[in-house]
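First comes the structure, then the notes that go with it.
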Amino acid sequence: MKIGIETISMYVPRYGLDLRILAEHRDVDYNKYHQGIGQEFMSVPSPDEDVVTMGANAAQQAMAGVDPTDVRTVIFATESGIDQSKAAAIYVHKLLSLPENCRTVEMKQACCSSSSALHFALATVALKPKEKVLIIASDIARYGLESAGEPTQGAGAVAMVISASPRIMEIGPEVGYFTEDVMDFWRPNYKNEALVDGKYSIKVYMNALEHCWKHYQEETHARFEDFDHFCYHLPFSRMGTKAHLHLARHEKAGLSSKELQAQVDPSLGYNRITGNAYTASLYMGLLSLLDNNDLNLAHKNIGFFSYGSGCMGAFFGGSVLPGYREHLNSSERAAWLRDRHHLTYEEYLSFYNHSLPQNGHNYRTSRHRSGAFRLAGVESHQRIYECVPAGAGASAESVKALAAAPAV
Ligand code: COA
């Protein structure tokens, strides 16, 4: 029985900041962002966007053509949770009118809980092949203003339906795992921004990669040359290149640097223009690879390395199915990415500094350009979500109005 990805979709906010503007305001050579860390543009969520709205927007697309009554499990992977108790999956379950006979949970382990969600989903479908699992990975990567992590910020969501009738990719059951207690990146409950030791994080990422690959080899006897392409967790796009060269050196792969680049480069494109999206980042990399029109990926083997700070890693493999391109909506995705509104520096600061009331007072968010769902406000400590009628997006004028107004 083949089990894997039946549908996959992605959502990013309709606003972003060109890193040329950030470089100018931080008095940094743009080449450091563009070449040194490999970033050009970062997604910035508007005040009426959060992980639920982004997740619901991605999930709505992933559910197109899927019978909702087949979905018995919804797993929401995030490290930007909106509640300590209630799962974000329940809000999405309601927004998408999914059937009530469904289990809905949220998972956390930094950027790699989406991959654990995937592996739990594979096990669920292996046990109950008629059931499908909806996985949502949604995050807002937020670092301090003027911190080293600031240019790697981003936001977005990926949703996938996992089933015994995959149309995009079959995923193998074997996984190489690694866990170690380290403090490279974390976010205490009282902070809105992550704390990160970026250089240390790169070191422990590489160490986790080596251990996961070794464990994967022990489980499968796989060789580096068994894979045609690789997708890595991408806190910034250059990390994918660094990780791939590291693994190739470790394995004495004997490929030219051009051949190695060709194995990893197609997965980096979306990260360069959206930034980090934590749990969604690896799977945005997969979509970046799949959407590449120059490659016919049918029957190609893809190696995945998922990394979550703290830390846990997972290495696993998948094989692309013939006909995958027909189920991707690549041109709609390209149009969405192209049409995003470019924020001024002042608008970026105003979005960044916006926060919801902490005292539960009733509050309405101003309307911005969004997808099909938006955060309408807060009432009695409860987030209120609403569906947006098609074509009802706000104009750039409301961004300017917010930029002029003091943060809440
Ligand atoms: N032109 C071209 N390249 C330049 C440059 C310039 N003018 N200036 C610097 N660079 C290069 C550096 O040589 C370096 O390349 P290298 O990695 O190959 O050595 C790269 O740009 C980054 O420069 P560095 O001085 O190391 O940057 P930094 O101190 O600002 O930190 C990160 C970079 C990535 C560590 C930082 O952005 C960060 O912490 N990001 C968050 C990472 C994260 O979230 N990790 C946790 C999850 S995995």
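Brief remarks on what is shown
- Within the stretch 281-289, not a single residue is open to solvent by less than 60 Å² (accessible area, probe 1.4 Å) and part of a loop (DSSP other than H, G, I, E, B).
- Among (1) at pLDDT below 95; (2) within 22 Å of the chain's Cα centre (by Cα) - the single one TYR190 does not satisfy: (2)
- Count of residues meeting criterion [open to solvent by 30 Å² or more (accessible area, probe 1.4 Å) and of a type in the set (A, V, I, L, M, F, W, C)] in the stretch 140-178: 5
- Tallying residues that are over 22 Å from GLY310 (Cα atoms) and not β-branched (Val, Ile, Thr) within the stretch 89-121 yields 14.
- Every pair of residues 6+ apart whose Cβ atoms lie under 6 Å, when the first sits in the stretch 182-201 and is without any contact (Cβ under 8 Å) to a residue 40 or more places away in the chain and under 15 Å from ALA110 (Cα atoms) while the second is within 10 Å of the ligand (Cβ to nearest atom) and open to solvent by less than 60 Å² (accessible area, probe 1.4 Å): ASP197/ASP184
- Qualifying residue in the stretch 236-256 (condition: within 24 Å of SER116 (Cα to Cα), more than 15 Å from the ligand (Cβ to nearest atom) and surrounded by fewer than 17 Cβ atoms within 10 Å (Cβ to Cβ)): no
- In the stretch 88-106, the residues that are free of Cβ contacts under 8 Å to residues at least 60 places away in the same chain, under 11 Å from GLN60 (Cα atoms) and touching a Phe, Trp or Tyr at 6+ places or on another chain (Cβ under 8 Å): VAL92
- Failed item, numbered, when MET206 is tested on (1) farther than 30 Å from GLN84 by Cα; (2) among the aliphatic types (A, V, I, L, M); (3) away from the ligand (no atom under 15 Å from the Cβ); (4) touching a residue at least 40 places away in the same chain (Cβ under 8 Å): (3)
- Among residues that are under 18 Å from GLY176 (Cα atoms), among the small types (Gly, Ala, Ser) and within 14 Å of the ligand (Cβ to nearest atom), ALA222 is not included.
- Once the stretch 49-74 is narrowed to residues that are within 20 Å of ALA280 (Cα to Cα), outside any helix (DSSP H, G or I) and not polar (S, T, N, Q), the residue that is farthest from the ligand (Cβ to nearest atom) is ALA64.
- Flag for ASN101 being in a helix (DSSP H, G or I) and not aromatic (Phe, Trp, Tyr): no
- Scanning the stretch 3-38 for residues that are of a type in the set (Val, Ile, Thr), closer than 30 Å to ALA62 by Cα and within 15 Å of the ligand (Cβ to nearest atom) yields a count of 0.
The values are calculated or read from the model by the stated rules, or taken from the named source; none is laboratory data. These figures come from a predicted structure and were not determined experimentally. Here the Cβ is made from the backbone with ideal geometry for all residues, glycine too, and neighbour counts use every protein chain on show. With ligands, DNA and RNA removed, areas are computed over all heavy atoms of the protein, side chains included. Shrake-Rupley method; radii C 1.70, N 1.55, O 1.52, S 1.80 Å.
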